[in-house]
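Inspection log for the structure reproduced underneath, given as structure tokens.
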Amino acid sequence: MSTATVVGGGPAGLVAAEVLAREGVAVIVYDRMPSPARKFLLAGHGGLNITHSEDREPFLGRYGGSADRLAPIVDAFSPQDLREWCAGLGEPTFVGSSGRVFPRSFRATPLVRAWLTRLTELGVVVERRQRWTGWTEHGLQVTGPDEATREVRGDVTVFALGGASWPRLGADGSWVDLFARRGVLVAPLRPANVGVRVGWAATFADRFQGTPLKHVALTVGGHTARGDAMVTRTGLEGGPVYAIGAAIREALDADGLCTVEVDLRPALTLEQLTERLRRRRPKDSASNWLRRAIALDPVGISLLREANGSVPTDPAALAALVKAVPVVVTDTMPIGKAISTAGGIAWSEVDESLMLRRLPGTFVAGEMLDWEAPTGGYLLQASFSTGVVAARGALAGLGS
Ligand SMILES: Cc1cc2nc3c(=O)[nH]c(=O)nc-3n(C[C@H](O)[C@H](O)[C@H](O)COP(=O)(O)OP(=O)(O)OC[C@H]3O[C@@H](n4cnc5c(N)ncnc54)[C@H](O)[C@@H]3O)c2cc1C
């Protein structure tokens, strides 16, 4: 009987284990945590957005520079396949109003419970609290909770160690050095889908932390994203911030600072805004003027003051400011607070089956590969798809 070692029990590793075990391979999964799939379970807390229903082209476009490499991988295990897989575990999915796909229960817990039962039935063994700490001459070194090390071997190996966000859930990026020492090119791990730091005045932060800037558009370097951005004590977070995260990182790398332009009224043109702002009543305060003329809420009005020091009295100048409030971002929040990780094992290091060119018989999957995507179900989809493709590659290597 062929044997496989899977290192990392997140969605990418567990789906690889399932695919291998279905073909009769004896699979042992090693995970450093007391239980597997902790990040997957956390992802379910706010509503498990497992994939997205949009068409193939825009879907793949979400992976930016990795779209070409991920296209055949996502085709091999598509959003529809993932939805059927969920249904097979007793969790049919539905499409939310934004096109995002969720399991019926909205959570990951029932799915993970059913999945682990299925894996046990397939003979998959999950060894918990077992940390992979490097290679031995003929196998892998695994360290237990007592710090005792042992060698484990399989005919093939799939690594699915995740990125470095939320390290207390297991994935801490400590694999990077180990792979780099084997000559594997790893792009530095960076925070993705993460909040940004802004040096708000204390009065602004005190009053508005936790308040959404509703229906705004954020722009950096030609990249624009719309949605609700949340003001935090230390900056901004939320969908549109995450969506332009790569452009923010690029600007910060180049200049040390990054100015995000916030359009507080993206649905109105500059001309329409100017026209409306011309209708100021003589006794209107600036706040009343902005509220009556263009329906700006208190957080929007204060953001104008925060960024500009004052509210311009000239309607055209004020309209221009409303369309592009300059907010200076000084940094991203640290990777530990990010939803996902950019960077990872370079695509040039793996073949189409996700086998490492330098380590034949060793495959990699999930967030440890160098791709990134916005929130919306794209992260889990790519984690599952790469897990399936790596396992199929491993099966081909075993001659199954
Ligand atoms: C708060 C939050 C919400 C999210 N919500 C969503 C969402 O709604 N939709 C979506 O698509 N994505 C979401 N994500 C992202 C998604 O959870 C990840 O992209 C996905 O879990 C990555 O899967 P993975 O298997 O590659 O890595 P992980 O899930 O990180 O799994 C890696 C596993 O490897 C183990 N491991 C690491 N190092 C070692 C080692 N040395 N030895 C042994 N084991 C090791 C870890 O313990 C872990 O179990 C969310 C993430 C967070 C943090």
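The values are calculated or read from the model by the stated rules, or taken from the named source; none is laboratory data. Bear in mind the structure is a predicted one, so any value in this text is a computation, not a measurement. Note that each Cβ is placed from the backbone with ideal geometry, even for glycine, and that neighbours are counted across all protein chains shown. Each accessible area value is taken on the protein alone, full model and side chains, heavy atoms only, with ligands, DNA and RNA left out. Shrake-Rupley method; radii C 1.70, N 1.55, O 1.52, S 1.80 Å.
Pro360 - would you say it is farther than 25 Å from Lys214 by Cβ and more than 16 Å from the ligand (Cβ to nearest atom)? In short, yes.
Pairs meeting the criteria (first residue in region 297-308 and acidic (Asp, Glu), second residue open to solvent by less than 60 Å² (accessible area, probe 1.4 Å), beta carbons under 6 Å, at least 6 apart or on different chains) are Glu306/Phe204. For His223, the requirement of being in the same structural domain as Val262 (by TED's automatic domain parsing) and farther than 17 Å from Cys258 by Cα is not met.
For region 20-55, give me each residue that is in contact with a Gly (Cβ under 9 Å, 6 or more places away or on another chain), of a type outside the set (A, V, I, L, M) and within 9 Å of the ligand (Cβ to nearest atom). Selection gives Tyr30, Asp31, Arg32, Ser35, Pro36, Arg38, Lys39, Phe40, Gly47, Asn49, Thr51, His52. Listed conditions (1) open to solvent by 50 Å² or more (accessible area, probe 1.4 Å); (2) touching a strand residue (DSSP E or B) at 6+ places or on another chain (Cβ under 7 Å) are all met by Arg22, apart from (2).
Annotation: of all residues in region 287-341 being of a type in the set (Val, Ile, Thr) and under 26 Å from Glu271 (Cβ atoms), the one that is most open to solvent (accessible area, probe 1.4 Å) is Thr313. Candidates are the residues of region 101-144 that are farther than 22 Å from Asp81 by Cβ and modelled with pLDDT under 95; the one that is surrounded by the most Cβ atoms within 10 Å (Cβ to Cβ) is His138.
Do the conditions hold for Thr136, that is, is it within 15 Å of the ligand (Cβ to nearest atom), more than 22 Å from Gly170 (Cβ to Cβ) and more than 23 Å from the chain's Cα centre (by Cα)?
Working: within 15 Å of the ligand (Cβ to nearest atom): yes; more than 22 Å from Gly170 (Cβ to Cβ): yes; more than 23 Å from the chain's Cα centre (by Cα): yes.
Taking the combined requirement at face value, the residue satisfies it.
The listed residues are Ala246, Ala267, Ala251, and the only one of them that is outside any loop (DSSP other than H, G, I, E, B), open to solvent by 40 Å² or more (accessible area, probe 1.4 Å) and in the same structural domain as Ala307 (by TED's automatic domain parsing) turns out to be Ala246.
One residue is enough: does region 61-68 have a residue meeting the conditions open to solvent by 50 Å² or more (accessible area, probe 1.4 Å), over 16 Å from Thr375 (Cα atoms) and either in contact with a strand residue (DSSP E or B) (Cβ under 6 Å, 6 or more places away or on another chain) or not polar (S, T, N, Q) (or both)? Within region 61-68, one or more residues are open to solvent by 50 Å² or more (accessible area, probe 1.4 Å), over 16 Å from Thr375 (Cα atoms) and either in contact with a strand residue (DSSP E or B) (Cβ under 6 Å, 6 or more places away or on another chain) or not polar (S, T, N, Q) (or both).
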